[in-house]
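So the structure is just underneath, and the comments pick up after that.
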Amino acid sequence: MSEVQMKRLGIIMEPEPGNPMEVEGVLNPAAIRGSDGELYLFPRLVAKGNYSRIGIARVKFNKDGNPVGVERLGIALEPETDYERRPDGSGGCEDARITFVEPLGHYIMTYTAFSPNGPRIAMARSKDLFHWQRLGLATFAPYQGIEFTNVDNKDASLFPVSIPNPTLNPELAILHRPLFPGTRPEETKHHPTSRELDLDRESIWISYCPIAPKDHEPIRHGQFTSHQRLASPVAPWERLKIGGGTPPIHCRHGWLIVYHGVCIWPEPGNEEHELCYSAGMMVLSREHPRVIRFRSEEPVLSPSLPKERNGIIPNVVFPTGIDRRDDLGLPDRFDVYYGMADSRIGVARLDMPEVLRHGGMADPPGAKV
C-alpha cells in the first residue's frame, strides 16, 4: 500500500433521472475555482450513442467544508466543429481539464475531441468559465521520427505558469499521452507479463509551446515541440498503460499530479471486464517539472466500492479534477474528483504529508513491467 492514500468523501454527481443528455453517464470532470471563489465542475455528460457534452456545475459544500453535491448550470461545450463530430451523428467533447494560465490571463480548457480521425486534444479559452471560445486542435512537431500529430491523443493538461523548456526558455507546457497503435490497454493485455516497453510510445510526455502576448490569440497558431518523455509504466498496477489525470498543481513538494494506470483485474473468473483503472500520484520538480521527485509505488485509489466496480466500464477510478483547499486555510489538503466506472463522479481527499519518505521508480531505461 502506498504511504499516501486518499479518503473517499462520497459520490458528488450521478445521472439525473429523465435527463436525456446524461442517460449513459456523468463522469471525468474538470474542477476549477472561479473568480468568485466558487468551485465549478465540468463533467462529461453522455447521451445515447456515446454522444458527449461538457457540462457546468457548481459544487455544494456542507458546514464542515466537504463537497456534498452539485447545482447544474448548463453546457460549456457540445459537438459543433468537424473535429468534434462524426458522419453517423456521434462524436463528442469529452474529459475536460481546466487551468487558469497566468501568462495568458485566461482559463484554458484541454479536452478530447472525438471525430472520424479518432480522439484528439482540443483547446478552448474563457475569461469567466461560462463563455468558451474554441482554439482548435493542439498540434505537435515530430520528434526523432516520432509523429505525434496524426495519432490519437487524450488526457492532456496544462501548467498554470510558464515552465522552462529544455533550453531554459519559459514556455507553455502540456502533459499528454499519445495513443500510438499497439499501446492501448486492450492491446497490451495480450502481451506477456514481463515485456519490453516501447518507452517512447507508452509514456506520458511533456511538450512546450511559445506563449503569445495577451492581446494575441493564445495557442491557436502555436505548435508544441521540445518534447521530453516524462514517465512510463513501471509498477504492476500500471503495467498495461499510464496516462494523464489531474492538471499539475502546486504542493509543498513541487507539482502534484494524480494520474491513472491500468492493469489486469486481479480477481479470477472476470475475463469479460478484466481491465482495472487505478490512480497514482507523482510529484514533479517545481523548477524543472520534467524531473520526477516522487512517484507512488502503489495506487493511492483503486476501485473497491460497488459503484466503482459496476457501471458503463467496470473497475474504474479515473482522476481528472483537483481542488487545493486554500479556502479552508489547508494548502496541504486536496480534493480529487474522479470518474466511477464511467457512470458517475466521486470525490476523495488527499492530505499531503510533510515528508515523502520514498517513491517508486520513474522509468529507468529498459524498464520491464
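Sequence-distant or interchain residues sharing an amide H contact under 5 Å with residue 136, placed H: which?
Long-range HN contacts for residue 136: 123.
Output the relative contact order of the chain, whole-number percent, from Cα pairs under 8 angstrom with separation of 6+ residues.
For the chain, the relative contact order is 17 percent.
Return the calculated 222 nm mean residue ellipticity for the chain, to the nearest 500 deg cm²/dmol, obtained by summing -39500 (n - 2.57) across DSSP H runs with n ≥ 4 and dividing by the residue count. Write out the running numbers ahead of the final one.
On the way: 2 runs with 8 residues, N = 369.
Roughly -500 deg cm²/dmol at 222 nm, from the helical runs in the chain.
Sort out for me the Cα centre separation of region 77-153 from region 300-339, rounded to whole Å.
Measuring centre to centre over Cα atoms gives 23 Å.
How do 13, 281 rank when sorted from fewest to most other Cβ atoms within 10 Å of their own Cβ? If you can, show how the numbers build up before the last one.
Details: 13 25, 281 31.
Fewest-to-most Cβ neighbours within 10 Å comes out as 13, 281.
Taking amide H positions as placed in the peptide plane 1.01 Å from N, state which residues far from residue 56 in sequence (5 or more) or on other chains have amide H under 5 Å from it.
When sequence neighbours closer than 5 places are left aside, the close amide H contacts are 73, 74, 75, 76.
Could you give the nm distance between label points at residue 310 and residue 80, where each point is 7 Å from its Cα heading toward the beta carbon?
About 4.0 nm separates the two model spin labels.
Considering the chain as a Gaussian network with a 10 Å cut-off on Cα pairs, which listed residue, 157, 232, 194, attains the greatest mean-square fluctuation?
For the chain, modelled as a Gaussian network with Cα springs under 10 Å, the answer is 194.
Between residue 241 and residues 5 or more places away or on another chain, which pairs have amide H atoms under 5 Å apart, with H built 1.01 Å from N, and which residues are they?
262
Which entries of 189/307; 7/60; 7/154 have Cα-Cα distances beyond 22 Å here?
From the list (189/307; 7/60; 7/154), the Cα-Cα distance tops 22 Å for 189/307; 7/154.
Please state the Cα pair-distance histogram of region 9-351 with 20 angstrom bins from zero: what percent is in each bin?
Going out from 0 Å in 20 Å bins, region 9-351 shows 32, 62, 5 percent.
Using the Karplus curve 6.51 cos²θ - 1.76 cosθ + 1.60 with θ = phi - 60°, what ³J(HN,Hα) values do you get for each residue of region 97-102, in whole Hz, with x for Gly and Pro?
10, 10, 9, 7, 8, 4
Among 228, 133, 144, whose mean-square fluctuation peaks in a Gaussian network model of the chain (Cα, cutoff 10 Å)?
Ranking 228, 133, 144 by mean-square fluctuation puts 144 first.
Would you mind getting the Kirkwood hydrodynamic radius of region 50-152 from its Cα pairs, rounded to one decimal in Å?
15.3 Å
Bear in mind that the values in this text are calculations on the coordinates, not laboratory data. What you see is a predicted model, and the numbers here were worked out from it, not measured in a lab. So basically every Cβ, Gly included, is an ideal-geometry build from the backbone, and we count neighbours across all protein chains shown.
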